[in-house]
Amino acid sequence: MRRLLLGGVSLIDSHAHVHDRAFDADRAAVLERAWASGLGHIVEVNISAEGWPRVNELAQSDPRIHATVGIHPHDTGRADLRDLDRLLAAAGDPGVVAIGETGLDYYRDYAPHDLQRDFFRRHVAAARETGLPLVVHSREAHDDVIRIIEEEGRGEVKGVLHCFSGDATVARRGIDLGFFLGFGGASTYSPARSAPMIRSVGQERILLETDCPYLTPHPRRNARNEPSNIPVIATAIAGYLGVDVAEVERVTDSNAAQLFGFS
């Protein structure tokens, strides 16, 4: 696993897709804005077999960018297990810091649920075998997600429930398993809902993420999302918690460094 010195507060986008085609026209400028905004690290999240070469190339281009390997539940319907095996074979590469994005999505329903569950189990097993953390997508499938982590992880797997959308019970179950909760732009859309959840979780179990190019935070919601919006998300969460934004940045950076192995 690649281990890097953070050198103090160095903002981390714990979930980005800068390899997405939405950035083809200005990817270099997007990254320059990210570094200028105070980011020191981006976790570049793979979601498909065909996307892996772009993720890998991006991670190899800059030591501040770190790759994950996995197949998103939406993509399981057009993948096979050989695709997954080829991806997971890269888990030992120096630039890879996590397994995923994986999980279950019963809301969009783009792939059969039994197929999603099969792929998810294999990702969890790979995380257990490699010692890498999991990046988990869960939408309207929280009970099955937690159950599979419990069964396949055997208490040995940690990770993040990305773009957390569960209730307080799901949050507690995830935290009890050693997982962090990822909050991004969606947490700025409805403060009346997000603030109580974030206060109940506490910044010690939170990671900041953009999920770019999706889920741009308020008040920039009509624009494409990008990693430079992490300070906007940090500011919103600090407001919910009633603490200084520098404190949120410090604690969430430490959380991400702990999970992904940045020392």
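The values are calculated or read from the model by the stated rules, or taken from the named source; none is laboratory data. Keep in mind the model is a prediction, meaning the values are calculated, not measured. Neighbour counts are summed over all protein chains in view; Cβ atoms, including those assigned to glycine, are modelled from backbone coordinates with ideal geometry. Remember, those area values only see protein heavy atoms, side chains included, never the ligands or the DNA or RNA. Shrake-Rupley method; radii C 1.70, N 1.55, O 1.52, S 1.80 Å.
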| said: Tell me the residue from Ala90, Ala111, Ala59 that is part of a loop (DSSP other than H, G, I, E, B), open to solvent by less than 40 Å² (accessible area, probe 1.4 Å) and free of Cβ contacts under 8 Å to residues at least 40 places away in the same chain, please. | reply: Ala111
| note | Note on Arg224: of the conditions (1) surrounded by fewer than 21 Cβ atoms within 10 Å (Cβ to Cβ); (2) touching a helix residue (DSSP H, G or I) at 6+ places or on another chain (Cβ under 7 Å); (3) part of a helix (DSSP H, G or I), unmet is (3)
| message | With the requirement that a residue be assigned to a strand (DSSP E or B) and free of Cβ contacts under 8 Å to residues at least 60 places away in the same chain, what does the stretch 166-189 give you? | response | Phe179, Leu181, Phe183
| Here are some residues: Gly38, Gly70. Which one is open to solvent by less than 40 Å² (accessible area, probe 1.4 Å), more than 21 Å from Thr252 (Cβ to Cβ), in contact (Cβ under 8 Å) with a residue 60 or more places away in the chain and not hydroxyl-bearing (Ser, Thr, Tyr)? | Gly70
| query | Taking into account only those residues within the stretch 169-218 that are surrounded by 19 or more Cβ atoms within 10 Å (Cβ to Cβ) and among the small types (Gly, Ala, Ser), which is nearest to the chain's Cα centre (by Cα)? | reply | Gly182
